[in-house]
Amino acid sequence: RPPRSTLFPYTTLFRSLPKQQKKIADYLYDHFDEVVFSSITKLASVLKISEATIVRFAQGLGYSGFPELKAELARYYKIYLNPAERMQRYIGEIKDGKANYASITRKEIEYLEESIATVNETIFHDAVEHICKAERLHIFGMGPNESLANYLCYRLNRFRIQTRQISASGRNLFEKILGMNSGDFAIVFSFYKPSIDYQRFMETLKEKRVEALLITDTLAPPMMGYTDKVLYAKRGPFGLFHSTIVPMAICNAMVIGVAEELGDSAVEALKELSEIRKKYYHPEIPGIKSFKGEWL
């Protein structure tokens, strides 16, 4: 049975709440991963309401006060948000009740539009400059984020940027960390909550004075404590199944930004790649025009 901290809007309980308490419920629903690490004073400041209103809200849910509510949220954060539950909640969010292509894609478009408001343009351009100037680029992504790291590595390597993907875990992770220095730059994909490998990697970057960009969907302190370069991109309400559509859009924007920053050198690198490819085209495919303009 899910804990009492499961606060779904539009339930009978939600509709019965006073206006200020609905504001709290909405915020918890979308940001409870941050509330887990917030004090009542900070939460009251963010919501621009009194601490007493928050206490009454917690007591109305059957808790003795905010600390007990926060403890229950922490338990939910650690235990109940497993992949199966996130998928169930995502399916429940589909408005027409059918998991067809149109309904799923409409939600993806919503998340992309939301990301326009949350991605910091100043940090984005700063990251592009660091990528172009770095001696080497290290891109960290594990699990479902491995595909993002692989894609960004693939694109940036084409510009002759020395890029390496890091998706190892456990002891194998340390093999990948060897040789990093302060002239390098790291891009890190990490979402939801920090893994032990993420923490080890970020701590090592700090020790070696390697600057890093974190691409994430949570502002929770355990994730944010390692770097001040953060692209925060919401991928929908916390606790739902999330696709890679928003971070992939960031990757694509970053590739274009780097190409623009590098200018002619990026174009020349792609031209060299095209020339190399020409050597390996099969010369005997009928109906294909040769590079001399003749039909084979």
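The values are calculated or read from the model by the stated rules, or taken from the named source; none is laboratory data. Remember, it's a predicted structure, so these values are computed and weren't measured experimentally. FYI the Cβ positions are ideal-geometry reconstructions off the backbone, even for glycines, and counts take in every protein chain you see. Ligands, DNA and RNA are excluded from the accessible area calculation, which covers all protein heavy atoms including side chains. Shrake-Rupley method; radii C 1.70, N 1.55, O 1.52, S 1.80 Å.
With a simple spin-label model that places each label point 7 Å from the Cα along the Cα-to-Cβ direction, the separation between residue 112 and residue 16 comes to 4.2 nm. Here residue 264 and residue 46 are evaluated by their C-beta separation; at R0 = 51 Å the FRET efficiency comes out at 0.65. Using the Karplus equation 6.51 cos²θ - 1.76 cosθ + 1.60 (θ = phi - 60°), what ³J(HN,Hα) coupling, rounded to whole Hz, does each residue of the stretch 175-191 give in order, writing x for Gly and Pro? Residue by residue, the stretch 175-191 yields 4, 7, 7, 4, x, 5, 9, 5, x, 8, 9, 10, 10, 10, 9, 8, 10 Hz.
For the stretch 103-144, what % of the accessible area comes from carbon and sulfur atoms, probe 1.4 Å? On the stretch 103-144, the fraction of accessible area on carbon and sulfur atoms equals 57 percent. The Cα atoms of the stretch 105-176 give a gyration tensor whose axes a ≥ b ≥ c have a/c of 1.5 or more with a/b no greater than b/c, which makes the shape oblate. With each pseudo-label sitting 7 Å past Cα toward Cβ, what's the residue 30-residue 75 distance in nm, one decimal? About 2.8 nm separates the two model spin labels. Taken per residue, the accessible surface of the stretch 90-218 reaches 52 Å², heavy atoms only and a 1.4 Å probe. Over 24 Å between Cα atoms, which of 206/234; 176/279; 133/271 qualify? From the list (206/234; 176/279; 133/271), the Cα-Cα distance tops 24 Å for 206/234; 176/279.
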